[in-house]
Amino acid sequence: MTSYQFPEAFWWGSATASYQIEGAVNEGGRKPSVWDTFSATPGRTLNGDTGAVACDHYHRYEHDIDLMAQLGIQHYRFSIAWSRIIPDGRGTVNEQGIDFYKRLVDCLRDKGITPHATLFHWDSPQALEEAYGSWQSRQMAIDYADYVTAVVSRLGDRITHWMTLNEIPCFTHWGYGVDSDPPHAPGTRVSSLKQVWQTSHHALLAHGLGCQAIRAASPVPCSVSLVDNFAVTVPINESPDHIEAAKKAFHTCGQNGGIIFPALTGKYSPALLEKLGENAPDIQDGDLETIHQPLDVLGFNVYFGDYVRAVDNECGYEVIDFPEYYPKLNMPWLHILPDCIYWGIRHISETVGRPDLPIVITENGCAVADELNSQGEVIDIDRIFYLRQHLRSAHRAISEGYPLNGYFLWSLMDNFEWSYGYDRRFGLIYIDYPTQNRIPKASFDWYRECIRTNRVV
Ligand code: GCO
């Protein structure tokens, strides 16, 4: 029997992102991001939803922070919108944008909640898309680093936990990729796989230059991390041959070999480069050194995984297709596979070879078909089920000695779920969008009890 008790210093938190919650897209000097343009284009998002109002968090942040305090989280991960800080992408800093985040962070700190800021969660300035096609150009990495300097030099007295970029695969491979469906912003199709890999290479450069910019601009010692959603290969059972197969498959699954490997080791995985052949990106002298910056912690976003088994074929493994009735929640990819947390963490140690690097789960959660009952409550036992299983997997990683230090639940409240608009709800708090009422769900009470007792309940 285990009581699933977590270490005393474990961080309990929750996460959100600017475009998904803020709204107020034309206020405070903000100019359009690629997500404003993309979501306003007919047919791009479900029901034509946009982030124009979202959770109206820009105006309601104080109330939202009261709810965080009720929940008992000590850590909150949010993102800063580039288009509020430098509305044209480069050039003049908009101090009104800075002021909004100052107010937000001061309010968090008043409640004893530590702010963790993601510097980029996909909402890049539309002006840079028009100037040079955003991540298609190396210039994007340079402009990003200047934006980071602008933020950290102004907010670094209040924020000491920085995350450079959120989920490089999503805003590069799914934003420019030739066959992603539904696509992500900017939704610009490039003509070859090589060009897609070039966009993620530019994002890696932005990460590297961003780390340097944070450390140079911060007035006090700070923590720097990358947030990645590397694909997790899970052995079909934990026999040595299937474990070996899962490790091998990890290199080429998703974009792992070309994102998490270079970021943490300074090299693209040879297995991926071999697979890509002529489609590998162009890498200039010095790029890999720039990309491979020391990190204080790795942010791991994790929702699902892929089962792998050992087979007698050329590569020695097979990634298994999910059967039609495999359990999943309310996203096409949301197969329930709680071991993804444990195995993701173990792969960073054993497969990528970075057992020294502390890890924080920066996102984990699920969309379910939440509904208000006749008493006006949301009793989301399906979400509680999912979260409980995943936290147990996190507990296993800690109990085996892996360096997992915290957990940020995605998400504090329902919000604009990208191409799926408001149709998919990931929150612990239900948002009644027409009235903007906030209604804590049963999972809110459940998570509060986990935090209060420091264990999985
Ligand atoms: C992502 C993002 C979040 C999403 C969440 C649910 O992982 O796609 O970081 O912004 O809303 O993951 O899909």
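The values are calculated or read from the model by the stated rules, or taken from the named source; none is laboratory data. What you see is a predicted model, and the numbers here were worked out from it, not measured in a lab. FYI the Cβ positions are ideal-geometry reconstructions off the backbone, even for glycines, and counts take in every protein chain you see.
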Which condition from (1) on the phi > 0 side of the Ramachandran plot; (2) away from the ligand (no atom under 16 Å from the Cβ) is the one that GLY187 breaks? (2)
Out of all the residues in region 215-238, is one or more part of a loop (DSSP other than H, G, I, E, B), within 16 Å of the ligand (Cβ to nearest atom) and among the aliphatic types (A, V, I, L, M)? yes
Those residues of region 286-333 which are aliphatic (A, V, I, L, M), surrounded by fewer than 18 Cβ atoms within 10 Å (Cβ to Cβ) and out of contact with any helix residue (DSSP H, G or I) (no Cβ under 7 Å at 6 or more places or on another chain), in sequence order: VAL311, ILE320, MET331
Looking at HIS207, is it part of a helix (DSSP H, G or I), within 16 Å of the ligand (Cβ to nearest atom) and at pLDDT 95 or above? yes
Leading residue by the ranking (farthest from the chain's Cα centre (by Cα)) among those in region 383-434 that are among the β-branched types (Val, Ile, Thr) and within 16 Å of the ligand (Cβ to nearest atom): ILE431
Out of (1) within 16 Å of the ligand (Cβ to nearest atom); (2) closer than 23 Å to GLU22 by Cβ; (3) buried (at least 16 other Cβ atoms within 10 Å of the Cβ), the odd one out for PRO440 is which? (1)
Just checking, which of LYS247, LYS275 is under 21 Å from PRO338 (Cα atoms) and among the charged types (D, E, K, R)? LYS247
From the option list ASP146, ASP157, single residue qualifying as away from the ligand (no atom under 16 Å from the Cβ), out of contact with any strand residue (DSSP E or B) (no Cβ under 7 Å at 6 or more places or on another chain) and assigned to a helix (DSSP H, G or I) is ASP146
In region 191-201, residue nearest to LEU165 (Cα to Cα) [restricted to those that are surrounded by fewer than 18 Cβ atoms within 10 Å (Cβ to Cβ) and not charged (D, E, K, R)]: GLN195
Would you pick out the residues in region 334-366 that are surrounded by fewer than 23 Cβ atoms within 10 Å (Cβ to Cβ), assigned to a loop (DSSP other than H, G, I, E, B) and within 14 Å of the ligand (Cβ to nearest atom)? LEU334
With respect to GLY401, determine if the residue is surrounded by fewer than 20 Cβ atoms within 10 Å (Cβ to Cβ), without any contact (Cβ under 8 Å) to a residue 60 or more places away in the chain and closer than 28 Å to ASP296 by Cα. yes
Pair list, Cβ < 7 Å and 6+ apart or interchain, from region 106-130 residues that are under 11 Å from ALA17 (Cβ atoms) and without any contact (Cβ under 8 Å) to a residue 40 or more places away in the chain to residues that are away from the ligand (no atom under 16 Å from the Cβ) and part of a helix (DSSP H, G or I): none
Here is a list of conditions, (1) touching a residue at least 60 places away in the same chain (Cβ under 8 Å); (2) over 28 Å from HIS395 (Cα atoms); (3) within 16 Å of the ligand (Cβ to nearest atom), and GLY23 meets all of them except one; can you say which number that is? (1)
